[in-house]
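Just so it is clear, none of the values below were taken in a lab; they were calculated from the coordinates. All values reported here derive from a predicted model rather than from experimental measurement. For neighbour counting, all protein chains shown are included, and Cβ atoms are generated from backbone atoms with ideal geometry for every residue, glycine included.
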Amino acid sequence: HPDERVPPIDTTAVWRAQHAPNRTPERQRILVTGGAGFIGSNLVDHLMELGHEVIVLDSLFTGTKENIAHWIGHPRFDFIRHDVTERIMLEVDQIYHLACPASPLHYKYNAIKTIKTNVLGTLNMLGIAKRTGARLLLASTSEVYGDPLVHPQPESYWGNVNPIGVRSCYDEGKRVAETLCFDYYRQHHVDIRVARIFNTYGPRMVENDGRVVSNFVGQALRGEELTIFGDGSQTRSFCFVSDLVDALIRLMNTEGITGPVNLGNPTEFTVRELAELVRRKLPKSGPIRYLPPTPDDPGRRQPDIHLARTVLDWAPRVPLEEGLDAMIADFQRRGIGSRPVA
Ligand code: NAD
Ligand code: UDP
């Protein structure tokens, strides 16, 4: 075949030659998968403000163009509508791999697709990292600890996860994604960072995505009852999104650490306490309504962030009271509570 005589073009080598002179720690070319979602778009804002080149790769399954609309047309910004389960050739310096539905409502909607996103999507992104030498940060989750038997959860805890339950597509999917990162690190020396993110909230959450903070704030603004699954004694520790974005960027740019590193706010609340706090802030809210518990719902969750404090010199700064005010203001700006649910 005549094509066999033509050596294939090594796009990575071409890219390295073209871009090497422009690459500085201050101006990296950064891929953010899931960059049109809640955490991803907040991260993109920060990376753009720091002066980097940013490529967002997103299927828009749960994310929206509105979240990144303010960057469209900017010379340092690109958006590619693409599903991470499909292969793609890109040349970048860093990859923040966030693409995956995060709300239980969304990830249970098509469980097999969630697994594929975690496994095939992470494989594809690790493939790019291996080929280009890019550093890859995986957005893993506290859900890898399952319904934890150790409290608070340190990174050394291996977890208590049901492999065949309704949450397994997400929990086990992320566990495999972590495994893949470490196998690429050991076998191919890919430069990895694994962040175990605990419950995060803030502006740009979807009002009816089923997550507890967005649900309660949306319900309260609409004057509806606040729905608690179970008796509300289960606990979570809520991190404001700007604190999390700060931690992700620090982790990505810290040398000599793979993780996993817990990232979250260690102040623990029961779901009932959260509901009462939201009701105090939004007195128009309806009363609390108790519904049956959801299957495999973890009873307690609180990060041990000793490692993040030590190696990243990071600790969350925004208390729940303050973060909730910012989130309520964002929901009100978007007209939530003053128009029918989308
Ligand atoms: P999100 O649903 O708002 O964002 C996920 C983004 O990924 C969306 O824009 C969605 O369209 C995109 N996406 C989903 N499947 C895709 C696919 N196959 N191909 C391309 N894009 C796809 O969720 P989020 O809260 O911003 O979460 C971002 C990441 O952080 C996720 O990986 C999640 O597992 C992780 N995380 C989030 C939390 C949290 O509390 N928000 C906690 C732990 C971990
Ligand atoms: N939850 C609740 N009411 C809601 C939504 C969630 O009581 O309207 C509970 C849910 O059962 C869980 C906790 O709040 O115990 C956190 O749920 P979320 O879906 O936000 O996150 P995750 O379970 O992944 O931590």
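Before moving on, here are some points about what is shown:
- Single unsatisfied condition, residue 335 versus (1) under 23 Å from residue 251 (Cβ atoms); (2) assigned to a loop (DSSP other than H, G, I, E, B); (3) without any contact (Cβ under 8 Å) to a residue 60 or more places away in the chain: (1)
- Residues of the range 162-209 that turn out to be more than 13 Å from ligand 2 (Cβ to nearest atom) and aliphatic (A, V, I, L, M), as a count: 8
- Sole residue being within 11 Å of ligand 1 (Cβ to nearest atom), buried (at least 20 other Cβ atoms within 10 Å of the Cβ), among the hydroxyl-bearing types (Ser, Thr, Tyr) and more than 28 Å from residue 297 (Cβ to Cβ), chosen from 107, 96: 96
- Exactly one residue among 202, 210, 218 is crowded, with 24+ Cβ neighbours inside 10 Å, within 21 Å of residue 103 (Cα to Cα) and within 16 Å of ligand 1 (Cβ to nearest atom), and that residue is 202.
- Matching option when the condition is closer than 24 Å to residue 225 by Cα and either assigned to a helix (DSSP H, G or I) or not charged (D, E, K, R) (or both), among 297, 330: 330
- Here 193, 167 are screened, and the one residue that is within 15 Å of ligand 1 (Cβ to nearest atom), touching a strand residue (DSSP E or B) at 6+ places or on another chain (Cβ under 6 Å) and touching a residue at least 40 places away in the same chain (Cβ under 8 Å) is 193.
Residues checked against (1) within 17 Å of residue 200 (Cα to Cα); (2) among the small types (Gly, Ala, Ser):
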| site | (1), (2) |
| --- | --- |
| 125 | no, no |
| 132 | no, no |
| 142 | yes, yes |
| 145 | yes, no |
| 153 | yes, no |
| 157 | no, no |
| 163 | no, no |
| 169 | no, no |
| 172 | no, no |
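- Among the candidates 130, 108, residue that is part of a helix (DSSP H, G or I), farther than 17 Å from residue 34 by Cα and within 15 Å of ligand 2 (Cβ to nearest atom): 108
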